[in-house]
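Novice: Got a structure for you, questions after.
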Amino acid sequence: MTRMLSRVLLIVICAGLAETAYGQLGRQSSLPTQRELERFGLERGWWSQATLNPANDRLVYLTADEENVYAQSRGGIVTAFDAESGKRLWARLLGPADAPSFPAVTNADQLLVATGMNMYAVNKFNGRLLWRLNLPHHPTTSPGVSDKHAFIGTLDGSAYAFNLATIRQLFQDQLLPEWSDVSTVWRFRAGGAVSSPPVTSGLQVNFTSEDGSLYSVDVNDGSLRFQFETNGAIRTPIARNQDSLFVASEDVRLFSINSQNGKLRWTFISGTPILKEPQVIGQQVFVTPQMGGLYALDTFNGSVQWHQTRATEFLAATTDSLFASDDLGHVLVLSRNDGAITGAIPMRGMSVRVNNDRTDRVYIACPTGLVICLRQRGSEFPTYHLFPDRQPMLPEFSDDAPVEPSEASP
């Protein structure tokens, strides 16, 4: 009980400090004006402040799905915002302060975080704790999650699958974390430490290992379906579309692999290691080799459509434009057709950024907690990339008076 009260008190104190920081940061020059953004066909969708103490805490991760944006601090506080309005939904301390943690992942209704030797799940819309699971070994990646299972890779080369329904039942029966092992569905042993968050594709779950292999195993029993071997270690997350997996190896190659049978489709040789996750948007996969700029490749055959030497990190994409970072911290606006730079917005102070393959929104933040959403002017409704079937039907417009913007909007 004392520990719980201490956590609640910490959240209350941090929330008060964050409100003060919110007013201060909102006046910083790092916040672009609407006039500046209009030059590049952009607008500020919203800005808000994550719950943390800027005096001694910092944001380390910023992630997003179609519904929410999640800011994770070094001290273990997760703050959730509505992705379109910027409304702060909840803030919660997950795990011991300053415990090693990984970026959050989500499914339709849960957010999962691996921190220390535990995995936590909360309701992603209200922050209510759903369960805490003791992990069998030190995690090396973020979890993977589907509607039925959670997956985690560990330092000893094991990949584990856990049944979400079983975990919930154990939690409701107050048997967690002591009986955490009961929820284990299977364990698969790879040839080295698991190096990428597991991703599911239908009946399979895929992950990579530092032994240079991609493993695809049956989602229900963990049996090996195929193994794809490279000539270098793999430490970059897997990208995917409907039928392919994109795997970057330290032998300076990007492989496109059939996700059903493990057959090689094509190989792209980058010349330098690819240390950042490739991003797939439509029929293009965007790759940023170390000190090599940004390449746009055709997902079908791997041919180079264009190469922009100034860009260093993919941020988001619309139908016609692509947003990227450069070495100076600018947000670059590029043409998706040929990679030409059409604008550069100085935002060096906002160094925490989402590589958004879910929607066309740009989410960036200051380490001290100020979070901003940028969007194309007039795009009131986001475009869904990774899961286009989840795109909601647009509402029918009427002549009613417009709704007032939320308090978190500029």
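Every number in this text was worked out from the coordinates using simple rules, so none of it is lab data. Please read these numbers as outputs of a predicted model, since none were measured by experiment. Cβ: placed from backbone, ideal geometry, glycine included. Neighbour counts: every protein chain shown.
Novice: Limiting things to C-alpha atoms, what are the Rg and the maximum Cα-Cα separation (Dmax) for the range 35-165, in angstroms?
Specialist: In order Rg, Dmax, the Cα atoms of the range 35-165 give 15.9, 53 Å.
Novice: Exposure proxy check: ILE152, ILE281, ILE345 ranked by fewest other beta carbons within 10 Å? Each step should come with its number before you reach the end.
Specialist: On the way: ILE152 28, ILE281 23, ILE345 20.
By the 10 Å Cβ count, ascending: ILE345, ILE281, ILE152.
Novice: Just tell me which aspartates and glutamates come within less than 17 Å, Cα to Cα, of LYS276; anything on the same chain fewer than 8 places away is out.
Specialist: Result set, ordered by chain and number: GLU210, GLU250, ASP251, GLU313, ASP326, ASP327, ASP357.
Novice: At 7 Å along the Cα-to-beta-carbon direction for both SER223 and ARG128, put a label point, then send me their distance in nm to one decimal.
Specialist: 3.9 nm
Novice: Multiply the residue gap between ARG189 and LEU203 by 0.36 nm, knock off their C-alpha separation, and tell me the result in nm, one decimal place. Don't skip to the answer; put the middle values down first.
Specialist: Working: separation 14, 0.36 × 14 = 5.04 nm, distance 1.88 nm.
Length gained between ARG189 and LEU203: 3.2 nm.
Novice: Starting from the Cα of TRP306, move 7 Å in the Cα-to-Cβ direction to define the label point; list residues of the range 273-289 whose amide nitrogen is under 19 Å from there.
Specialist: 279-289
Novice: Just ARG253, ARG377, ARG35 to compare: in a GNM of the chain, with alpha carbon springs under 10 Å, which one fluctuates most?
Specialist: Maximum fluctuation in the GNM of the chain, among the listed residues, is at ARG35.
Novice: Highest GNM mean-square fluctuation, the chain, Cα pairs closer than 10 Å: which of THR318, THR309, THR140?
Specialist: Result for the chain, Cα springs under 10 Å: THR309 fluctuates most.
Novice: If you project the alpha carbons of the range 135-256 onto the principal axes, what extent comes out on each, in Å, largest first?
Specialist: So the extents along the principal axes, rounded to whole Å, are 49, 29, 21.
Novice: Continuing with this model, one more query. Could you give the size of the charge dipole of the chain about its Cα centre, using +1 on the Cβ of each K and R and -1 on the Cβ of each D and E, expressed in debye and rounded to the nearest 20? Mind dumping the intermediate values first?
Specialist: On the way: 34 positive and 41 negative charges, 154 e Å.
The dipole magnitude comes to about 740 debye.
Novice: Give the distance, in whole Å, between the Cα centre of the range 118-157 and the Cα centre of the range 220-280.
Specialist: About 24 Å separates the Cα centre of the range 118-157 from the one of the range 220-280.
Novice: What ranking do THR200, THR208 get, fewest neighbouring Cβ atoms within 10 angstrom at the top?
Specialist: Values: THR200 18, THR208 31.
With the fewest neighbours first, THR200, THR208 line up as THR200, THR208.
Novice: Sorted from fewest to most neighbouring beta carbons within 10 Å, what does the list MET119, MET347, MET393, MET291 look like?
Specialist: Values: MET119 28, MET347 21, MET393 5, MET291 11.
Going from least to most buried by this count: MET393, MET291, MET347, MET119.
Novice: How far is it, in nm, from the label point at TYR384 to the one at ASP243 when both lie 7 Å from their Cα along the line to the Cβ?
Specialist: With each label point 7 Å from Cα toward Cβ, the separation is 2.2 nm.
Novice: Short version: ³J(HN,Hα) in whole Hz for each residue of the range 328-341, in order, from phi by Karplus 6.51 cos²θ - 1.76 cosθ + 1.60 (θ = phi - 60°), x for Gly and Pro, what are they?
Specialist: Listing the rounded values in order: 8, x, 5, 8, 8, 10, 10, 7, 5, 6, 9, x, 5, 7 Hz.
Novice: Kirkwood hydrodynamic radius, computed over distinct alpha-carbon pairs, for the range 344-386: how many Å, to one decimal? Mind dumping the intermediate values first?
Specialist: Details: mean 1/r = 0.0878 Å⁻¹.
Radius from the Kirkwood sum: 11.4 Å.
Novice: Where Rh is the Kirkwood radius over the Cα pairs of the chain, the temperature 4 °C and the viscosity 1.567 mPa s, what D in µm²/s does Stokes-Einstein return? Walk me through the intermediate numbers first.
Specialist: On the way: Rh = 22.1 Å.
Translational D for this selection: 59 µm²/s.
Novice: Follow-up question, since we're still on this one. Under a 5 Å amide H to amide H cut-off, with H placed in plane at 1.01 Å, what residues pair with TRP131 once short-range neighbours are removed?
Specialist: ALA121
Novice: Still on this structure: Residues in the range 167-187, backbone N under 12 Å from the label point at ALA99 (7 Å along the Cα-to-beta-carbon vector): list them, ranges by number please.
Specialist: The answer is 177.
Novice: A further question follows. Can you tell me, using C-alpha contacts under 8 Å and at least 6 residues apart, the relative contact order of the range 129-249 as a whole percent? List each step's numbers first, then the result.
Specialist: Values: 285 pairs, mean separation 23.7, N = 121.
The normalised contact order for the range 129-249 reaches 20 percent.
Novice: Can you compute 3J(HN,Hα) from phi for each residue in the range 382-389, using the Karplus curve 6.51 cos²θ - 1.76 cosθ + 1.60 with θ = phi - 60°, rounded to whole Hz and x for Gly and Pro?
Specialist: Each residue of the range 382-389 in turn: x, 9, 8, 9, 5, 10, x, 5 Hz.
Novice: As I understand it, the dipole of the chain uses +1 on the Cβ of Lys and Arg and -1 on the Cβ of Asp and Glu, about the Cα centre. Which of PHE381, LEU315, PRO143 lies farthest toward its positive end?
Specialist: PRO143
Novice: Which net charge results for the neighbourhood of GLY157, defined as the other residues with beta-carbon distances under 10 angstrom from its beta-carbon, given Lys and Arg at +1 and Asp and Glu at -1? Show your work: numbers first, answer last.
Specialist: Values: positive: ARG189; negative: ASP156, GLU210, ASP211.
Net of charged neighbours comes to -2.
Novice: Along the positive direction of the dipole of the chain (beta-carbon charges: Lys, Arg +1; Asp, Glu -1; about the Cα centre), which of TYR70, VAL217, GLY86 reaches farthest?
Specialist: The residue sitting farthest along the positive end of the dipole is TYR70.
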